[in-house]
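Undergrad: Let me give you the structure first, and then I'll get to my questions.
The values are calculated or read from the model by the stated rules, or taken from the named source; none is laboratory data. All values derive from a computational prediction rather than experimental measurement. Positions of Cβ are generated from backbone atoms using ideal geometry, with glycine treated the same way; all protein chains shown enter the neighbour counts. For the accessible areas, the whole protein counts, side chains as well, though only heavy atoms, and no ligand, DNA or RNA atoms are used. Shrake-Rupley method; radii C 1.70, N 1.55, O 1.52, S 1.80 Å.
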Amino acid sequence: MKFKTVLAAAFLAVASLANAATKGNGTITVKATKASKQLVESWANAYMQVRPEINVVIVDKAEGANISIVNGISEGLDVANVGRFALLPVTPVDNPLYKEVAQKQWGEKDIKKLFFQTEEDLYQDASEKSKKEKLSEKLVVFSGTSTSSAAQAFAQHFGFSKGDIRGKRIAGDDLYLLNAIQKDKQSVTFNNLAYLFDLNSRQLKHDIAVLPLNVKKEFEAILQSGNLDDTIKLLENEAISTIPVENVAFQLNNFNSDVDDFLSWVVTDGQQYNNQAGFLRLSNRDAKQQLQLLAKR
């Protein structure tokens, strides 16, 4: 049996259990983050075409919303993973140190040295530092502080906490990190594909460059091509240690049968909209697991 058929069967099984949840009233309220808003709107509009009797409304506040987008670091019945986001390290193309930065290949250890303050750094003598470490110290790191920021996901991927990220912190949405590195050009940051690429042209934004990573040549060629769709295809099929890929999820606040049906649709048919909005799809295994978890609600 093909996996699509298995998913469809699982979807029907979940739908048949919807009466176990509180009966919905025909309206689903959703709180999206700025980065995920286009994706959530795509899901909502497509679902209302399939289920015209259901009204999916995007609201400004999580309070009172049926479901809210969160970075899906936690697991369990209180969240439903609905996609994945990837984080790339970038620098301005007119960074005065750009030539030096672009000549290096940044491996996992280098990324840790660049973005995080470690205990080893405090005791390491300057004479013992490599050229790459000395270059890292010349670059200002910008990261976000808001609850919707990807900073915690980035830090956790490399074995740190958000507080370990060195440099300057920017309040507000992670989109402002791109403004920060344009003002202080001798800098680096990391961000979601949805912010780094122009979602219409599908190209990397013209004033930034992805740090060259120490990966297979064919992978690096794709990352440096600046094409969103090729980058997404690569990251959906390959795990690269220097590129965090984390879940994006819905926090289940006020769950009912309408929400159950909507989420079951999102993790099956709705996955076709993820890439267009700069997000990765769930793996087939994860999609099946989410359906099983929803059936337990």
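Undergrad: So who's got an amide H within less than 5 Å of the one on residue 31, skipping anything under 5 residues away but keeping other chains? H placed 1.01 Å off N, in plane.
TA: 59, 67, 68, 69
Undergrad: Dipole magnitude of region 150-243 about its Cα centre, charges +1 at Lys/Arg Cβ and -1 at Asp/Glu Cβ only, in debye to the nearest 20?
TA: Using only the charged Cβ atoms, the result is roughly 360 debye.
Undergrad: Right, another one. In whole percent, how big is the carbon plus sulfur part of the accessible area of the chain, probe 1.4 Å, protein atoms only?
TA: 48
Undergrad: Using θ = phi - 60° and the Karplus curve 6.51 cos²θ - 1.76 cosθ + 1.60, what whole-Hz ³J(HN,Hα) does each residue of region 281-297 get, with Gly and Pro shown as x?
TA: So the Karplus estimates, Gly and Pro as x, are 6, 5, 5, 4, 5, 5, 4, 5, 5, 5, 4, 5, 5, 4, 5, 8, 5 Hz.
Undergrad: Within the set of other residues whose C-beta is less than 10 Å from the C-beta of residue 141, count the net charge using Lys and Arg as +1 and Asp and Glu as -1.
TA: Taking every Cβ under 10 Å from that of residue 141, the sum is +3.
Undergrad: What's the long-distance tail for region 19-114, i.e. % of Cα pairs beyond 21 Å?
TA: 54
Undergrad: Work out from phi, with θ = phi - 60° and the Karplus expression 6.51 cos²θ - 1.76 cosθ + 1.60, the ³J(HN,Hα) of each residue of region 202-210, listed in order in whole Hz, and give x for Gly and Pro.
TA: Listing the rounded values in order: 6, 10, 4, 4, 5, 9, 10, 9, 7 Hz.
Undergrad: Just tell me which lysines come within less than 22 Å, Cα to Cα, of residue 37; anything on the same chain fewer than 8 places away is out.
TA: 61, 205, 233
Undergrad: Follow-up question, since we're still on this one. Out of residues 5 or more away from residue 214 or on other chains, whose amide H comes under 5 Å of its own, with H placed 1.01 Å from N in the peptide plane?
TA: Result for residue 214 returns 106, 107.
Undergrad: For region 154-201, would you read off the P(r) tail past 12 Å as a percentage of all alpha carbon pairs?
TA: Beyond 12 Å sits 69 percent of the P(r) for region 154-201.
Undergrad: With Cβ to Cβ distances under 15 Å as the rule, what net charge do the other residues near residue 32 carry (K, R +1; D, E -1)?
TA: Summing Lys and Arg as +1 and Asp and Glu as -1 gives -1.
Undergrad: From the phi angles alone, apply the Karplus equation (6.51, -1.76, 1.60; θ = phi - 60°) to region 82-92 and give each ³J(HN,Hα) in whole Hz, x where the residue is Gly or Pro.
TA: Running phi through 6.51 cos²θ - 1.76 cosθ + 1.60 with θ = phi - 60° gives 10, x, 9, 10, 10, 10, 10, x, 9, 9, x Hz.
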